[in-house]
Amino acid sequence: MTPVRITSALVDPSLLELPWNTPLEEWPADHLVALPQGISRHVVRFVKLHGTVYAVKETRERIAEREYDLLRALERISAPAVEAVAIVADRLSVDGESLEPVLVTRHLQFSLPYRAVFSHTLRPETMNRLLDALAALLVRMHLIGFFWGDCSLSNTLFRRDAGAFAAYLVDAETGALHLRLSNGQRSEDLEIARTNIFGEALDLQAAGLLHDQIDPEHVSDEVVRRYETLWNEITFEERVEQDTRRYIEKRIRRLNELGFDVEEVAMSVVDNQVHVRPKVVDAGHHSRRLLRLTGLDAEENQARSLLNDLDTYRAESDLPDESQAAHRWFTEVFEPVVRAVPPHLRRKLEPPELFVQVTDHRFRLSEEAGRDVGLAPAVQSFLADVLVHRPDEQAILGYEPDEIAE
């Protein structure tokens, strides 16, 4: 084992087995893993130790320490970023010469750098989903007070997500974490992003990897536009005098229409002032959260709609405890809707889908009436005007349609 100094909260002892007395660019192939790699100003290598893949980056010690601390802080607040594992310092070559320290991070499984995503020419629709992911990432980082300082496609990893993408920060060495960002700091970060992405898009165009209909300048401008649209939708404050529930539902639906899912919404009404703070998440999160809170097993889009209703109910009821609110919503809102269906109609829709369609029906009726029509009238209208005309469907959730999950 090579004598080195390792700084880590939970060090993997197998890291000691790596050839730290050799510069990264000279590491033998038997230690490396061939993974897609983005453009970096530093030497980066991937290694696999006992089933875990790590990214190892050479840099100066002060930079490594700063980035390690930042990534650890981001991990504590569940930010979408890679996980810092260790700093390896005091490296010496076999000739006794000093070698640069390295920062070790855990590789994000199934993630791709942008050049791997663009390994084949992307259609404009696919590019739009990529830009949505990057804009959502930058918004989320700014909401937690993180100034990136070098936002770019190169410093981002993307996960394929059923035709969409989820984005993660992979390089934080120029970043800084504050209590909150000023408008000037956000503007500076956006301008850096615009410049970097324009250059990267020109590089892709030169390599023949950009669709003929995609203009590099439009790509960089579009990220900023999508960022500003989402930022405004999340952060703007509006005085609501009445129909608070309908306003909140419309606000969440607008976010969904922009292509952003919502994990949770912090809502408060003080002196008729409504504050809404949605949180963008990856696919599958809503199903897992709904199952954890209520025991209901639903598809992702169903779960998103059910959770939107649950979060609105929680805000209206002023219940700070999420579990208590979920239990009351299930027994006081969800169950009564399902039980209102006459026995001869219960095979037409599974319970989660039934509730989602009732909610959508209520929203349409409320829009037509210009006010919230209420749940009970919406249920009766749906049963009489919609459900009775639908064909029967098979139950697919592991319980009969006339049963309610315990």
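The values are calculated or read from the model by the stated rules, or taken from the named source; none is laboratory data. What you are looking at is a predicted structure, and each value in this text was computed from that prediction instead of being measured. So basically every Cβ, Gly included, is an ideal-geometry build from the backbone, and we count neighbours across all protein chains shown. We work out accessible area using only protein heavy atoms, side chains counted, and drop any ligands, DNA or RNA first. Shrake-Rupley method; radii C 1.70, N 1.55, O 1.52, S 1.80 Å.
Quick look at the values:
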quantity	calculated
Residue-by-residue Karplus 3J(HN,Hα) for the stretch 171-186, coefficients 6.51, -1.76, 1.60, Hz, glycine and proline x	9, 10, 5, 9, x, 7, 9, 10, 5, 7, 9, 7, 4, x, 5, 5
Heavy-atom accessible area order for 313, 114, largest first, 1.4 Å probe	313, 114
Principal semi-axes in Å for the stretch 139-199 [√(5λ), Cα gyration tensor, largest first]	21, 14, 11
Heavy atoms of residue 235: accessible area, 1.4 Å probe, square angstrom to 10	30 Å²
Cα gyration tensor, the stretch 165-221 - rounded (a/c under 1.5), prolate or oblate	prolate
Taking the stretch 14-93 and dividing mean pair separation by its residue count, relative contact order in percent (alpha carbons under 8 Å, at least six apart)	27 percent
For the stretch 65-148: rounded, prolate or oblate by the Cα gyration tensor [a/c cutoff 1.5]	oblate
For the stretch 303-349: accessible area per residue (Å², 1.4 Å)	45 Å²
For residue 85, residues with placed amide H under 5 Å, excluding near neighbours	104, 105, 106
Relative contact order %, the stretch 67-134, counting alpha carbon pairs below 8 Å whose residues are six or more apart	22 percent
Charge sum, other residues only, whose C-beta stays under 14 Å from residue 219's C-beta, Lys/Arg counted +1 and Asp/Glu -1	-4
Solvent exposure of the stretch 170-226 as accessible area per residue, Å², 1.4 Å probe	53 Å²
Globularity index of the stretch 19-94, i.e. its alpha-carbon radius of gyration over 2.2 N^0.38 Å	1.17
